[in-house]
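**Q** Have a look at this one before I ask anything.
The values are calculated or read from the model by the stated rules, or taken from the named source; none is laboratory data. From a predicted model like this one, the values you see are computed outputs, not experimental measurements. Note that each Cβ is placed from the backbone with ideal geometry, even for glycine, and that neighbours are counted across all protein chains shown.
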Amino acid sequence: MLRRLLSAHPDVEIPHELRLLDMAGAIGWSVTHHARTPTPGRDHASATDLAWGRPLIDQLMRHLRQHTGATVVGDKYPPDAARVPQLAAVFADCQVIHIVRDGRDVVSSSLRAFAGRTAWRRTATPPAPAQMASSWAALVQSARRDGQSLGKDRYLELTYEGLIQTPVAVGRRLEDFLKIPTHKLFSDALSGVHPGRSWHTTLSSAEVAELRVVPGFEAALSAHGYPPSPTDPVPADTPEACMARAASGPADQKVAELCRAVRPRDAPDEAVAALLTEAEHPESLFAAMNARERDSDIITEAYARWMRARGLPAELADRLTRCP
């Protein structure tokens, strides 16, 4: 969201995840290894690789400025939160904007993205919420520590909640930090900011309790001004309980409850089938992905109906669900 808002300003252009450090490192690695393809899974490029790759990245950014007319160009890539020193070394005059969101909302959003976006490339069940929470805590603390060492002219920390509550004021901070003039297109974009869903209604009480005991998670929440997770006794939050709430609760919470019901590895077929009935909702992809690993009659029928509702010819949908 912040990337889109900033890119609405005519003087700013921030593409979606160019992965500049990875690009520079891969170019440099190919140069130093005689044009061989970089080894898959390389997490960190060496200083030598980055030095070789930097001239081409600089040229890319110059072309981006010329093509768009922007005076400020950049990149948005969340894993770079752990690589601020490398960013500062490769791009000596770079500025870092670090936007933080409540870690519980980050976990909830990640679970939702897993369910409804690139689901077909993933496993039938999402990563554990605790794994996501641990990653969030490590990344935000790393970015803050390394970012603050750059000084206030090169590091700006914002919060998602602050942007939602006072978009105009945050917009002015961004303009001052980047030294760009106020522009109506940017102001208009800020006026359209609205809050997303809250972890209070999207995470189960059992999931919140799981996050609360992740080492460093509550400390990271506190360090960034977020209230602690509730310590009330955890009620039964079984898939069956989620399905009951989906059936009797408000319509806007139905899919969220069904997604909760499907997340456990031992989720009942009835929960998967119920989420498949929400065929027009993106998060029904989560159930469809899960259904591929099940072969009960209720799943076969629900999966075929889901595919037909998504536009697949009926005959093909029926044949696919009965493939060995």
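**Q** Out of the residues in segment 188-222 that are of a type in the set (Val, Ile, Thr) and in a helix (DSSP H, G or I), state the one that is nearest to Ser135 (Cα to Cα). Full working, then the answer.
**A** First, the residues of segment 188-222 that are of a type in the set (Val, Ile, Thr): 193, 201-202, 208, 213-214.
Next, from what is left, pick out any that are in a helix (DSSP H, G or I): 201-202, 208.
Details: Thr201: 22, Thr202: 20, Val208: 16 Å.
In this case the residue turns out to be Val208.
To keep it simple, each residue is scored yes or no on (1) surrounded by fewer than 19 Cβ atoms within 10 Å (Cβ to Cβ); (2) in contact with a strand residue (DSSP E or B) (Cβ under 9 Å, 6 or more places away or on another chain); (3) touching a residue at least 60 places away in the same chain (Cβ under 8 Å).
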position	(1), (2), (3)
Ala81	no, yes, yes
Val100	no, yes, yes
Ser142	yes, no, yes
Leu150	yes, yes, yes
Tyr155	no, yes, yes
Ile164	yes, no, no
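**Q** Which ones in segment 288-324 are loosely packed, with under 13 Cβ neighbours inside 10 Å and of a type in the set (Lys, Arg)?
**A** Correct list: Arg319, Arg322.
**Q** Quick check on segment 23-70: of everything there that is basic (Lys, Arg) and modelled with pLDDT under 80, which residue is nearest to Ala8 (Cα to Cα)?
**A** The selected residue is Arg42.
**Q** Let me ask another. What pairs come out if I take residues in segment 245-262 that are farther than 18 Å from Ser205 by Cβ and pair them with residues that are surrounded by 13 or more Cβ atoms within 10 Å (Cβ to Cβ) whose C-beta lies under 7 Å away, six or more apart or interchain?
**A** From residues that are farther than 18 Å from Ser205 by Cβ, the pairs are Lys254/Ala246; Val255/Glu278; Val255/His281; Val255/Glu283.
**Q** I'm checking my understanding of the structure. Among residues of segment 232-287 that are modelled with pLDDT of 85 or more and either at positive phi or not in a helix (DSSP H, G or I) (or both), which one is surrounded by the most Cβ atoms within 10 Å (Cβ to Cβ)?
**A** Among residues in segment 232-287 that are modelled with pLDDT of 85 or more and either at positive phi or not in a helix (DSSP H, G or I) (or both), the one surrounded by the most Cβ atoms within 10 Å (Cβ to Cβ) is Ala267.
**Q** (1) under 27 Å from Trp52 (Cα atoms); (2) in contact (Cβ under 8 Å) with a residue 12 or more places away in the chain; (3) not polar (S, T, N, Q): which one isn't true of His67, the others all being true?
**A** Failing condition for His67: (2).
**Q** So, in segment 286-303, of the ones that are under 30 Å from the mean Cα position of the chain (by Cα) and without any contact (Cβ under 8 Å) to a residue 40 or more places away in the chain, which residue ends up nearest to Phe114 (Cα to Cα)? Steps first, please.
**A** Our first condition is that a residue be under 30 Å from the mean Cα position of the chain (by Cα); within segment 286-303, this holds for 286-294, 299, 302-303.
Of the ones still in play, those that are also without any contact (Cβ under 8 Å) to a residue 40 or more places away in the chain are 287, 291, 294, 299, 302-303.
Values: Ala287: 11, Ala291: 15, Arg294: 19, Ile299: 21, Ala302: 21, Tyr303: 19 Å.
Within segment 286-303, the match that is nearest to Phe114 (Cα to Cα) is Ala287.
**Q** Looking at the structure I just gave you, is Ser205 under 30 Å from Lys152 (Cα atoms) and either under 25 Å from the mean Cα position of the chain (by Cα) or modelled with pLDDT under 85 (or both)? Show your work before the answer.
**A** On the way: under 30 Å from Lys152 (Cα atoms): no; either under 25 Å from the mean Cα position of the chain (by Cα) or modelled with pLDDT under 85 (or both): yes.
Considered against the rule, which asks whether it is under 30 Å from Lys152 (Cα atoms) and either under 25 Å from the mean Cα position of the chain (by Cα) or modelled with pLDDT under 85 (or both), Ser205 comes out as no.
**Q** Is it fair to say Gly171 is in a helix (DSSP H, G or I), surrounded by 14 or more Cβ atoms within 10 Å (Cβ to Cβ) and touching a Phe, Trp or Tyr at 6+ places or on another chain (Cβ under 8 Å)? Quick ask: steps written out before the conclusion?
**A** Working: in a helix (DSSP H, G or I): yes; surrounded by 14 or more Cβ atoms within 10 Å (Cβ to Cβ): yes; touching a Phe, Trp or Tyr at 6+ places or on another chain (Cβ under 8 Å): yes.
Spelling it out, Gly171 is indeed in a helix (DSSP H, G or I), surrounded by 14 or more Cβ atoms within 10 Å (Cβ to Cβ) and touching a Phe, Trp or Tyr at 6+ places or on another chain (Cβ under 8 Å).
**Q** Quick one: Leu158 ticks every box in (1) part of a strand (DSSP E or B); (2) under 30 Å from Ala288 (Cβ atoms); (3) not basic (Lys, Arg) bar one, so which box is it?
**A** Against the list (1) part of a strand (DSSP E or B); (2) under 30 Å from Ala288 (Cβ atoms); (3) not basic (Lys, Arg), Leu158 comes up short only on (2).
**Q** What are the residue pairs meeting all of these: first residue in segment 83-95, first residue closer than 13 Å to Ala143 by Cβ, second residue hydrophobic (A, V, I, L, M, F, W, C) and surrounded by fewer than 18 Cβ atoms within 10 Å (Cβ to Cβ), Cβ atoms under 9 Å, and 6 or more apart or on different chains?
**A** Val84/Leu150; Gln86/Ala47; Leu87/Cys94; Ala88/Cys94; Ala88/Leu150
**Q** Right, another one. Residue pairs, Cβ under 7 Å, 6 or more apart or interchain, first in segment 263-285 and closer than 12 Å to Ala302 by Cβ, second part of a loop (DSSP other than H, G, I, E, B). List them.
**A** Listed pairs, sorted by first residue: Asp269/Arg294; Asp269/Ser296; Val272/Arg294; Ala279/Arg310; Ser284/Glu278.
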